[in-house]
Amino acid sequence: LRYGASEIFDTPNPVVSVSIPAMHWLVYDRLMEFDDDLVPRLSLATARRTSNGGKTITYTLREGVKFHDGSDLTAEDVKFSLELYKDTGLSLFASFFGPLETVEAPNSTTVVAHFSGTPTLDPTVGAVIVPKSVFGGMSREDIEQFGNEQMIGSGPFELVSFVQDNRLELKRNQDWWGWAVNGGPKDGTFESVIKVQMANEETIANQLRANEIDVTPDLSTDIWEGLVGEPNIKAVEYPALILDHFGINCYEDPDNPGQPHPNSGGNPLLLDQVVREAMSWAIDRQRLVDLVLGGRGLKGSVVIMPALAAAQLQVPDSQQADANPDRARQLLEENGYIDRDGDGVRESPDGEKLSFRLFASTVADRLPRYAELIKPMLEDVGIEIEGPIAEDDPTLINRVFAEADWDMF
């Protein structure tokens, strides 16, 4: 299966990766996973029992599971993995481990996790199980620098090769516990999965036409429409597992609430909730849906993707801070953000201009287009925007997650 996509696979190290985790999930097992309806179900765990009002979860593990190097996967590896995410604060799912207090492994196939409260989402549905023999003994700094070139997991595929920002190739792990041929609950016939990274969606579409790849991720509306009716191409439309969001740098000093973190390069005015709320009032989400997505989308009010059943949990239109620039201006005026020198840009009560850098990833064509439309919406209420500044995904990811040198994206 040749999968062409513009989003990056940043590292074989799943603990520090900020990529979409789909490829890591092919190499590493999880205790839980999502079924076809996106409902959590058992995977590496054969049983899951809650007690203590839902704050204690006991997992029973499959027996005989091995890592790709032939070593046994035991409860000690699971205990180590969960504690690793909790103690280091690393991984895309680290925030879900916040309530985790302790983990026990009373025997080789039992893991007991104690939480301070009932987890909103069982973190084991996303966090992968890594071998203690590989990651054990490393400091947080060691793990952040660890390339994990061998990528030893226990999942259905094994690493063949990885070229940064170019190509990832995986081969079938014939001994995986899950294949139906081994008496497992899964099925699948692919011998290899190859992810090819491409510059943009137009390149992806052209490679699909040329039969250089077999399948694409979700594409922007205009690119998708250009593929409809093409010979030997099936263009499918379905509710997407995508949420496009407007990111704001709120990196705060934990020791000085309301003050920027010493490592933040963001404009400290963004720490004022009034400014952020005013921007929300200024942005017309339906206009973005209509002009960028051609109407094939929903304006969001909560951080839940449309394809999830919970997407019905939307804030009523009457209660949304959306598409009301007059309300944005009023809010800013009431809180002392006034254009004092007549240049069209408001200043804070301390005289600092509401001037922010707006970045946009080029990983999908629609993202810079959103930014181009948002810029005049914000400028209309007296907020100056530098940009939009288009950057490729690896550069922007580094800017946001490593350097913290940004205002909005």
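The values are calculated or read from the model by the stated rules, or taken from the named source; none is laboratory data. Since this is a predicted model, take the numbers as computed values, not measurements. Neighbour counts are summed over all protein chains in view; Cβ atoms, including those assigned to glycine, are modelled from backbone coordinates with ideal geometry. Remember, those area values only see protein heavy atoms, side chains included, never the ligands or the DNA or RNA. Shrake-Rupley method; radii C 1.70, N 1.55, O 1.52, S 1.80 Å.
Going by the alpha-carbon gyration tensor, a ≥ b ≥ c the square roots of its eigenvalues, is the range 136-271 rounded (a/c under 1.5) or, if a/c is not under 1.5, prolate (a/b greater than b/c) versus oblate?
Working: a/c = 2.34, a/b = 1.29, b/c = 1.82.
Because a/c hits 1.5 or more and a/b fails to exceed b/c, the range 136-271 counts as oblate.
Residues F190, F359, F34, sorted by accessible area with the largest first, give F190, F34, F359 [1.4 Å probe; ligands and nucleic acids excluded].
Could you tell me how many degrees, from 0 to 90 and to the nearest 10, lie between the Cα long axis of helix 325-334 and the main elongation axis, the longest principal axis, of the Cα atoms of the chain? In the chain, helix 325-334 runs at an angle near 80 degrees to the longest axis. A 1.4 Å probe run over the protein chains yields, for the chain, 49 Å² of accessible area per residue, whole-number rounding.
Computed from backbone phi, the HN-Hα couplings of the range 126-131 come to x, 6, 8, 9, 9, x Hz, rounded to whole numbers (Karplus: 6.51 cos²θ - 1.76 cosθ + 1.60, θ = phi - 60°; Gly and Pro given as x). On a 23 Å Cα-Cα criterion, which of the cross-link pairs K66/K171; K86/K299; K171/K195; K86/K171; K79/K186; K132/K186 come out too long? Beyond 23 Å: K86/K299; K86/K171; K79/K186; K132/K186. Put a dot 7 Å past the Cα of A199, heading toward its Cβ, do the same for T120, and the two dots end up 4.0 nm apart. Taking the Cα atoms only, what angle lies between the long axis of helix 273-282 and the longest principal axis of the chain, rounded to 10 degrees? Compared with the principal axis, the helix lies near 80 degrees. How far, in degrees from 0 to 90, does helix 366-379 lean away from the longest principal axis of the Cα atoms of the chain, to the nearest 10? The angle comes out at about 30 degrees.
When ranked by the protection proxy of mean other Cβ atoms within 10 Å per residue, highest first, what sequence do the peptides 206-216, 81-91 form? Could the numbers behind the result be given before it?
Working: 206-216: 14.9, 81-91: 19.7.
Put in order of decreasing packing, that is 81-91, 206-216.
With a Förster radius of 25 Å applied to the beta-carbon distance between E63 and L42, the computed FRET efficiency rounds to 0.95.
Suppose a student asked you for the relative contact order of the range 256-399, using Cα pairs under 8 Å spaced at least 6 residues apart; what percent would you report?
Numbers: 185 pairs, mean separation 31.4, N = 144.
Averaging sequence separation for qualifying contacts and normalising by length gives 22 percent for the range 256-399.
Can you match percent of Cα pairs over 36 Å apart to one of these, (1) 55; (2) 34; (3) 26, based on a calculation from the structure here? Answer by label: (2). Take every Cα pair under 8 Å whose residues are at least 6 apart in sequence, average their separation, divide by the length of the range 133-176, and the relative contact order is 27 percent. The relative contact order of the chain, computed from alpha carbon pairs under 8 Å that lie at least 6 residues apart in sequence, is 15 percent.
Would you mind telling me the share, in percent, of accessible area of the chain contributed by carbon and sulfur at probe 1.4 angstrom? It would help to have the intermediate numbers written out before the result.
Working: 9860 of 20180 Å².
The computed percentage sits at 49.
For the range 80-94, putting each phi into the Karplus relation 6.51 cos²θ - 1.76 cosθ + 1.60 with θ = phi - 60° gives couplings of 4, 5, 5, 5, 4, 5, 5, 6, 8, x, 8, 5, 4, 9, 4 Hz, in residue order, rounded to whole numbers and with x for Gly and Pro. Any lysines with Cα under 26 Å of the K353 Cα? List them, leaving off those in the same chain fewer than 8 positions away. Excluding near neighbours in sequence, the set is K375.
May I ask you to rank K186, K234 by accessible area, largest first, using a 1.4 Å probe over the protein chains only?
Heavy-atom accessible area, descending, gives K234, K186.
Rank D284, D36, D326 by mean-square fluctuation in a GNM of the chain with C-alpha springs under 10 angstrom and give only the top-ranked residue. Residue with maximal mean-square fluctuation among D284, D36, D326: D36.
Expressed in nm to one decimal, what extension gain is obtained for the pair K171 and D343 from 0.36 nm per residue of sequence separation less their Cα-Cα distance?
Numbers: separation 172, 0.36 × 172 = 61.92 nm, distance 6.03 nm.
Full-extension gain reported as 55.9 nm.
Among rounded, prolate and oblate, which fits the range 314-409 when a ≥ b ≥ c are the square roots of the eigenvalues of its C-alpha gyration tensor, a/c under 1.5 means rounded, and a/b larger than b/c means prolate? Note, shape of the range 314-409 comes out oblate. Computed from backbone phi, the HN-Hα couplings of the range 253-266 come to 6, x, 8, 9, x, x, 10, x, 4, x, 8, 7, x, x Hz, rounded to whole numbers (Karplus: 6.51 cos²θ - 1.76 cosθ + 1.60, θ = phi - 60°; Gly and Pro given as x).
Can you give the net charge of the other residues whose Cβ lies under 12 Å from the Cβ of L358, counting K and R as +1 and D and E as -1?
-4
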